[in-house]
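Asker: Here it is, the structure in full.
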Amino acid sequence: MPRAAVPRHVVTALRRASTARPPTRVPRAEPAKAIDPSQPIGPASSAADPSAFARARALPWALSSLVGAGLGFYCLQLYMAASKPCRNPAIAELAQQTDVAERYDYTAAAFDSEVGFSELLMGVNGLRKKLSQKCTGHVLEVSCGTGRNLGYYDIGKEGQVDSLTFVDLSPQMVEVCRKKWAALFGSQKEMSRLKQTLQVRFMTGSALDSMPLAPTGRKYDTIIQTMGLCSTPSPAALLTNMVQHLDTSNPQARILLLEHGRSYMPWVNNILDNSAQKHAEIHGCWYNRDIGALVEEAARQTGLEVVNERRHHFGTTWVFELKPKAETVQREAAATAVAGELVGKETESGGWLSKLGWS
């Protein structure tokens, strides 16, 4: 059967139709919607994603739950410790407390890291600063430890401190204190900011024995001790020896103390007594001593009076400022004048050497 001939114009039309692009549709412009002022302006995706909103709300609740659980557990442990009977009620007596001062020879290197966070959290650094800035004249720091007060003294060019003498029983502690001073004030820039006549000394020795006099050869204007009465076996004798090195003829002389000890709350004291033995063996201090009674008795016996007394942290942190009584100042001033007259007469007469024919 013969094929029907397809006209050429038909073939051409078919080819053009097969290669032609489909027509592009232009979207119809929708009319603008009126803005509803009651609805928030923002991406619709955030409002349309309820799971993201739920997660954002769940995170604070989860964190709050964890903190609440931690506080609850801590309060439970605190209650159990407070209600637990004391195994040794006499542990607060000095006769029952062993000498643990040598413990600091082993903890000196890590001492700052052990107590740094807790002191920062409890605001003890602020108490150290306030107390240290009260120091004037020639200053003796007893039981200086690692020098946690170094950055707080008024030792600028116009500062009130003339000299600093640091004494501690532990040579390791004194060495850390010395290195800390070099790190804080050893550079030429920092040294240029200090008082030019400032004298600084670091010495190893017991504060229960004779300590060096001030660089002038006289007694000190200020004696400061922070957290030291808890670590000595004889706190009363230590306080008495501190008074012996204070210039009590100066009415502006001061003894400044920052200590920790017994609370005014019985349940807190029960916790301290139960843990005192273990705490002393680890940290080298008895933190359940009646600091107030020790200071008041020492002041009564040495002619001092308590100018200021503050307590913090349920009464376990004690801050004292002591000064010589008026009668003590008068007595010491008279004794100093008499001694000066005797020295003058001895000098004029040539002393006992002149009696031997020596001038």
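The values are calculated or read from the model by the stated rules, or taken from the named source; none is laboratory data. Small disclaimer: the values here were computed from a predicted structure and weren't measured. When we count neighbours, we look across all protein chains shown, and the Cβ atoms used for this are built from the backbone with ideal geometry, even at glycine.
Asker: For residues that are surrounded by 20 or more Cβ atoms within 10 Å (Cβ to Cβ) and either under 15 Å from residue 93 (Cβ atoms) or at pLDDT 95 or above (or both), tally how many sit in segment 273-284.
Answerer: Pass one, segment 273-284, residues surrounded by 20 or more Cβ atoms within 10 Å (Cβ to Cβ): 276, 280, 284.
Imposing the further condition that a residue be either under 15 Å from residue 93 (Cβ atoms) or at pLDDT 95 or above (or both) reduces the set to 276, 280.
Of the residues in segment 273-284, 2 are surrounded by 20 or more Cβ atoms within 10 Å (Cβ to Cβ) and either under 15 Å from residue 93 (Cβ atoms) or at pLDDT 95 or above (or both).
Asker: Give the residue, chosen from 216, 240, that is assigned to a helix (DSSP H, G or I) and out of contact with any Leu (no Cβ under 7 Å at 6 or more places or on another chain). Break it down into steps so the answer makes sense when it comes.
Answerer: Values: 216 fails: assigned to a helix (DSSP H, G or I).
Just a single option satisfies the conditions, and that option is 240.
Asker: Still on this structure: Which of the residues that make up segment 318-336 are touching a strand residue (DSSP E or B) at 6+ places or on another chain (Cβ under 8 Å) and β-branched (Val, Ile, Thr)? I'd like the intermediate steps shown before the answer.
Answerer: From segment 318-336, those touching a strand residue (DSSP E or B) at 6+ places or on another chain (Cβ under 8 Å) are 318-325, 328, 332; that's our starting set.
Correct list: 319, 328.
Asker: State which residue pairs qualify: first residue on the phi > 0 side of the Ramachandran plot and inside segment 113-127, second residue not polar (S, T, N, Q) in any location, beta carbons under 9 Å apart, and separation of 6 or more residues or different chains.
Answerer: Hits for this filter: 123/312; 123/313.
Asker: Give the residues of segment 192-211 that are assigned to a loop (DSSP other than H, G, I, E, B) and either among the aromatic types (Phe, Trp, Tyr) or over 21 Å from residue 231 (Cβ atoms) (or both), sorted by residue number. Even if it seems obvious, please write down each step before you answer.
Answerer: Of segment 192-211, the ones assigned to a loop (DSSP other than H, G, I, E, B) are 192-193, 195-198, 205-211.
Within segment 192-211, 192, 193, 195, 196, 197, 198 meet the criteria.
Asker: Now, a different point. If you scan segment 309-359, which residues turn out to be surrounded by fewer than 16 Cβ atoms within 10 Å (Cβ to Cβ), more than 28 Å from residue 264 (Cα to Cα) and modelled with pLDDT of 90 or more?
Answerer: Those that are surrounded by fewer than 16 Cβ atoms within 10 Å (Cβ to Cβ), more than 28 Å from residue 264 (Cα to Cα) and modelled with pLDDT of 90 or more: 326, 327, 330, 331.
Asker: Taking segment 180-198 only, how many residues are surrounded by 14 or more Cβ atoms within 10 Å (Cβ to Cβ) and either out of contact with any strand residue (DSSP E or B) (no Cβ under 9 Å at 6 or more places or on another chain) or not charged (D, E, K, R) (or both)?
Answerer: In the first step, residues of segment 180-198 are kept if they are surrounded by 14 or more Cβ atoms within 10 Å (Cβ to Cβ); the result is 180-181, 185, 194-195, 198.
Now drop any that are not either out of contact with any strand residue (DSSP E or B) (no Cβ under 9 Å at 6 or more places or on another chain) or not charged (D, E, K, R) (or both), which leaves 180-181, 185, 194, 198.
Count: 5.
Asker: Please indicate, with yes or no, whether at least one residue in segment 179-191 is outside any helix (DSSP H, G or I) and either of a type in the set (Phe, Trp, Tyr) or touching a residue at least 60 places away in the same chain (Cβ under 8 Å) (or both). I'd like the intermediate steps shown before the answer.
Answerer: Our first condition is that a residue be outside any helix (DSSP H, G or I); within segment 179-191, this holds for 186-187.
The next check asks that each one be either of a type in the set (Phe, Trp, Tyr) or touching a residue at least 60 places away in the same chain (Cβ under 8 Å) (or both); those that pass are none.
The answer is no, given that none of the residues of segment 179-191 is outside any helix (DSSP H, G or I) and either of a type in the set (Phe, Trp, Tyr) or touching a residue at least 60 places away in the same chain (Cβ under 8 Å) (or both).
Residue by residue, here is whether (1) under 24 Å from residue 213 (Cβ atoms); (2) of a type in the set (Asp, Glu); (3) in contact with a helix residue (DSSP H, G or I) (Cβ under 9 Å, 6 or more places away or on another chain) holds:
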site: 228; (1), (2), (3): yes, no, yes
site: 273; (1), (2), (3): no, yes, yes
site: 282; (1), (2), (3): no, no, yes
site: 304; (1), (2), (3): yes, no, yes
site: 307; (1), (2), (3): no, no, no
site: 311; (1), (2), (3): no, no, yes
site: 320; (1), (2), (3): yes, no, yes
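Asker: What residue, among those in segment 65-97 that are surrounded by fewer than 10 Cβ atoms within 10 Å (Cβ to Cβ) and in a loop (DSSP other than H, G, I, E, B), is modelled with the lowest pLDDT?
Answerer: Here the residue is 85.
Asker: Now for a different question. Can you pull out the residues in segment 251-294 that are in a loop (DSSP other than H, G, I, E, B), of a type in the set (Phe, Trp, Tyr) and over 27 Å from residue 139 (Cβ atoms)? Working first, answer last.
Answerer: Applying the first criterion (in a loop (DSSP other than H, G, I, E, B)) to segment 251-294 yields 251-253, 261-265, 284-290.
Still in the running and of a type in the set (Phe, Trp, Tyr): 264, 286-287.
Across segment 251-294, the qualifying residue is only 264.
Asker: Within segment 230-271, restricting attention to residues that are touching a helix residue (DSSP H, G or I) at 6+ places or on another chain (Cβ under 7 Å) and hydroxyl-bearing (Ser, Thr, Tyr), which residue is farthest from residue 94 (Cα to Cα)?
Answerer: Looking at residues that are touching a helix residue (DSSP H, G or I) at 6+ places or on another chain (Cβ under 7 Å) and hydroxyl-bearing (Ser, Thr, Tyr), I get 249.
Asker: Looking at residue 233 and the list (1) surrounded by fewer than 21 Cβ atoms within 10 Å (Cβ to Cβ); (2) under 21 Å from residue 119 (Cα atoms), which single condition is not satisfied?
Answerer: Of everything listed in (1) surrounded by fewer than 21 Cβ atoms within 10 Å (Cβ to Cβ); (2) under 21 Å from residue 119 (Cα atoms), residue 233 misses just condition (2).
Asker: Still on this model: Of 216, 165, which residue is of a type in the set (Val, Ile, Thr), touching a residue at least 40 places away in the same chain (Cβ under 8 Å) and over 15 Å from residue 142 (Cα atoms)?
Answerer: 216
Asker: Working only within segment 137-169, note down all residues that are surrounded by fewer than 17 Cβ atoms within 10 Å (Cβ to Cβ) and in a loop (DSSP other than H, G, I, E, B).
Answerer: If the condition is that a residue be surrounded by fewer than 17 Cβ atoms within 10 Å (Cβ to Cβ) and in a loop (DSSP other than H, G, I, E, B), then 154, 157, 158, 159 are the ones that fit.
Asker: While we're looking at this one, here's another question. Just the residues that are assigned to a helix (DSSP H, G or I) and at pLDDT below 70, please, taken from segment 45-60.
Answerer: Taking segment 45-60 first, the residues assigned to a helix (DSSP H, G or I) are 45-47, 50-60.
Scanning segment 45-60 gives 45, 46, 47, 53.
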